[in-house]
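Student: This is the structure I want to talk about, given as structure tokens.
The values are calculated or read from the model by the stated rules, or taken from the named source; none is laboratory data. Computed from a predicted model, the values in this text were never measured in an experiment. Please note: Cβ atoms are built from the backbone with ideal geometry, for glycine as well, and neighbour counts cover all protein chains shown.
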Amino acid sequence: MTDITKNCNRCKLPKSLDSFTLNKKPLANGDPSYRGTCKTCLAEQQKANRAADPERFRAANKRVYENHKERRLAEQREWRQANSEYDKARQAKYRKENPEVFRRAWHNYRVARHLADDGSVTTEFLKFLFRKEICIYCNNKIPREQRSMDHIIPISRGGLHSIENLVMCCKSCNSSKRDRLLSEWKSS
């Protein structure tokens, strides 16, 4: 804590410099420069601005999210890998405490899959598909337990559960592709 105080432009109270946010640019003589409004008043002002025009702030938050989406997803993946046991326990706890959320999600998935089913996928076709030993995406030979059926155009993106949209791939490729289109996946 510092003994130097500064008056807030908004509440007019003298406060320590720790109560003010540093400006990005220092003063001309090299000393640090502080904002004129203290952190408390600034928070109140931002809260009032958000309440007055919530749509503007939602749009701004959405822009920021979209601009940094790939970086944020990569950071989330890294964190999950580094903290996999904690993450699994946290997810299991949430699933146990909120079973209706998962029932609804599973129901929505099943409905979407049913609506996307054109009836062309038969048991014989699935057996034929699972006999394929080469991953369509990485061209590696895959053992039977690592084989996975993938929708080229994901059902969640409007793809059909049809013969034309199903391929055999390895679990690794299927997991990394997730619900993306091929062009999106290859460019990432």
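Student: In contact with a Lys or Arg (Cβ under 9 Å, 6 or more places away or on another chain) and modelled with pLDDT under 90: is that true of Phe130 in this structure? Step through it out loud before you land on a result.
Tutor: Working: in contact with a Lys or Arg (Cβ under 9 Å, 6 or more places away or on another chain): yes; modelled with pLDDT under 90: no.
Here the answer is no, as Phe130 does not meet what is asked.
Student: Residues Arg80, Arg110: which one is touching a helix residue (DSSP H, G or I) at 6+ places or on another chain (Cβ under 6 Å), within 25 Å of Trp185 (Cα to Cα), free of Cβ contacts under 8 Å to residues at least 12 places away in the same chain and not hydroxyl-bearing (Ser, Thr, Tyr)?
Tutor: Arg80
Student: I'd like the full set of residues that are outside any loop (DSSP other than H, G, I, E, B) and touching a Ser or Thr at 6+ places or on another chain (Cβ under 9 Å), limited to region 98-127. Give the steps one after another, and end with the answer.
Tutor: As a first pass, look at region 98-127 and keep what is outside any loop (DSSP other than H, G, I, E, B): 99-117, 123-127.
Scanning region 98-127 gives Tyr109, Ala112, Ala116, Asp117.
Student: Condition first: of a type in the set (Lys, Arg) and surrounded by 13 or more Cβ atoms within 10 Å (Cβ to Cβ). Now tell me which residues in region 86-139 satisfy that.
Tutor: Arg113, Lys132
Student: Residue check: is Arg63 modelled with pLDDT of 90 or more, charged (D, E, K, R) and touching a Phe, Trp or Tyr at 6+ places or on another chain (Cβ under 7 Å)?
Tutor: no
Student: Just give me the residues in region 161-188 being among the acidic types (Asp, Glu) and either surrounded by 14 or more Cβ atoms within 10 Å (Cβ to Cβ) or within 27 Å of Thr123 (Cβ to Cβ) (or both), in sequence order.
Tutor: Those that are among the acidic types (Asp, Glu) and either surrounded by 14 or more Cβ atoms within 10 Å (Cβ to Cβ) or within 27 Å of Thr123 (Cβ to Cβ) (or both): Glu164, Asp179.
Student: Sticking with this one: For region 139-157: of the residues being more than 25 Å from Asp118 (Cα to Cα) and either touching a residue at least 24 places away in the same chain (Cβ under 8 Å) or in a loop (DSSP other than H, G, I, E, B) (or both), which is farthest from the chain's Cα centre (by Cα)?
Tutor: Filtering region 139-157 for residues that are more than 25 Å from Asp118 (Cα to Cα) and either touching a residue at least 24 places away in the same chain (Cβ under 8 Å) or in a loop (DSSP other than H, G, I, E, B) (or both), the one farthest from the chain's Cα centre (by Cα) comes out as Pro143.
Student: When you check Arg144 against the structure, is it of a type in the set (Lys, Arg) and loosely packed, with under 14 Cβ neighbours inside 10 Å, yes or no? Steps first, please.
Tutor: Details: of a type in the set (Lys, Arg): yes; loosely packed, with under 14 Cβ neighbours inside 10 Å: yes.
Criteria met by Arg144.
Student: In addition: Among the listed residues Leu129, Leu160, which satisfies the condition of being within 22 Å of Arg113 (Cβ to Cβ), in contact with a strand residue (DSSP E or B) (Cβ under 6 Å, 6 or more places away or on another chain) and among the aliphatic types (A, V, I, L, M)?
Tutor: Details: Leu160 fails: in contact with a strand residue (DSSP E or B) (Cβ under 6 Å, 6 or more places away or on another chain).
Among Leu129, Leu160, only Leu129 is within 22 Å of Arg113 (Cβ to Cβ), in contact with a strand residue (DSSP E or B) (Cβ under 6 Å, 6 or more places away or on another chain) and among the aliphatic types (A, V, I, L, M).
Student: Name the one entry in Glu100, Glu85, Glu66 that is within 30 Å of Lys186 (Cα to Cα), more than 19 Å from the chain's Cα centre (by Cα) and free of Cβ contacts under 8 Å to residues at least 40 places away in the same chain.
Tutor: That would be Glu85, the only listed residue that is within 30 Å of Lys186 (Cα to Cα), more than 19 Å from the chain's Cα centre (by Cα) and free of Cβ contacts under 8 Å to residues at least 40 places away in the same chain.
Student: So, one more: Go through (1) part of a helix (DSSP H, G or I); (2) out of contact with any Phe, Trp or Tyr (no Cβ under 7 Å at 6 or more places or on another chain) for Arg95 and report which single condition fails.
Tutor: (2)
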